[in-house]
Amino acid sequence: MRLLIMGAPGAGKGTQAARIAATFELPAISTGAIFRANVANETPLGLEVQRLLAAGELVPDEVTEAIVADRLAEPDCQNGWLLDGFPRTKHQVAALDRVLANRGEELDAVVSLTVDPERLVERLLHRAEVEQRADDNEETIRNRMYHYNLDTEPLLAIYRERGQLIEIDGDGSVDEVFARIESVLSPLR
Ligand code: AMP
């Protein structure tokens with residue numbers, strides 16, 4: 001299966017991506033995690049994107065798209081994958097379309113996690129305490145929400161129009177939300 005998981009910051013994408021990946025035996029590819037690992041290791045890419053991540057700004061499309069294209073070309077992605085946090089802009093949607101078209105592949109589904117906006121900030125501030133993520137402070141959260149609403153939320157309409165969007169209620173425990181996702185993805189297997 002070739003899947004995307006989308007949702008506002010704090011909607012639980014990363015957590016659910018890990019569950020989906022384990023259950024459906026897919027590599028979960030998180031662009032955010034790739035960037036954070038590069039920042040931690042102080043690679044040239046990490047040094048380039050560090051300031052953007054800390055500010056809650058998006059990394060430039062070309063940089064992000066090249067990383068995803070390279071990652072999807074790895075052998076473990078041959079039979080399927082789950083992208084978490086990509087695409088985030090219309091430009092990235094077009095880039096992913098090209099990668100898929102070149103390989104003669106199609107997306108099977110786009111899982112969108114919906115969570116009450118009030119709960120999102122609460123969850124992010126909680127995560128900031130637990131995971132100590134540098135970009136979970138209030139100012140950065142506000143900026144990430146801004147970019148989600150401006151750049152990423154409109155992408156849902158594209159996938160809805162293509163008949164690929166599956167909207168999942170992201171309120172509830174991790175197990176409850178995963179059960180909802182599993183019940184819609186299992187028939188696609
Ligand atoms: P995430 O872990 O998905 O919340 O991503 C953390 C941060 O990484 C974001 O706030 C952006 O700075 C950067 N990032 C992750 N994915 C993308 C993307 N597809 N396009 C641009 N920037 C991204």
| query | How large, in percent, is the carbon and sulfur part of the accessible surface of the stretch 121-189 at a probe radius of 1.4 Å? | reply | 49 percent
| Just how large is the dipole of the chain about the Cα centre, in debye to the nearest 20, putting +1 at every Lys and Arg Cβ and -1 at every Asp and Glu Cβ? | 240 debye
| Going highest first, how would you order 128-134, 19-25 by mean Cβ packing within 10 Å? | 19-25, 128-134
| Excluding ligands, DNA and RNA, what is the solvent-accessible area per residue of the stretch 128-189 at a probe of 1.4 Å, expressed in Å²? | 61 Å²
| Interchain or long-range residues, amide H under 5 Å from TRP81's placed H | ARG2, LEU3
| task | Run the accessible area of the stretch 1-81 with a 1.4 Å probe and give the carbon-and-sulfur part as a rounded percent. | result | 52 percent
| query | Considering the dipole of the chain built from charges on the beta carbon (Lys and Arg +1, Asp and Glu -1) around the Cα centre, which of ALA37, GLY14, LEU107 is farthest to its positive end? | reply | LEU107
| What net charge is computed for the residues neighbouring THR114, neighbours being all others with C-beta under 12 Å from the C-beta of THR114, Lys and Arg scored +1, Asp and Glu -1? | -2
| query | How much net charge surrounds ILE67 when only other residues with a Cβ under 14 Å from its Cβ are counted (Lys, Arg +1; Asp, Glu -1)? | reply | -4
| query | Any idea of THR15's accessible area? Nearest 10 Å², probe 1.4 Å. | reply | 70 Å²
| query | Tell me, what is the per residue accessible area of the stretch 1-115 in Å², probe radius 1.4 Å? | reply | 44 Å²
| query | For SER30, which sequence-distant residues (separation of 5 or more, or a different chain) have an amide H within less than 5 Å of its own amide H, given hydrogens modelled in the peptide plane? | reply | ASP84
| task | Just add up the charged neighbours of LEU155: K/R +1, D/E -1, any other residue whose Cβ is under 15 Å from the Cβ of LEU155. | result | -3
| field | Given charges at Cβ of Lys, Arg, Asp, Glu: the chain dipole, positive-most of LEU83, LEU150, THR140 | value | LEU83
| message | Rounded to two decimals, what is the ratio between the C-alpha radius of gyration of the chain and 2.2 N^0.38 Å? | response | 0.98
| note | Probe 1.4 Å, all chains present, heavy atoms only: GLU48 accessible area in Å², nearest 10, is 110 Å²
| Accessible surface of VAL39 - all protein chains present, 1.4 Å probe, nearest 10 Å² | 40 Å²
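The values are calculated or read from the model by the stated rules, or taken from the named source; none is laboratory data. The shown structure was predicted, so the numbers you read here are calculated from the model rather than taken from an experiment. Neighbour counts run over all protein chains shown; Cβ positions are idealised from the backbone, glycine included. Remember, those area values only see protein heavy atoms, side chains included, never the ligands or the DNA or RNA. Shrake-Rupley method; radii C 1.70, N 1.55, O 1.52, S 1.80 Å.
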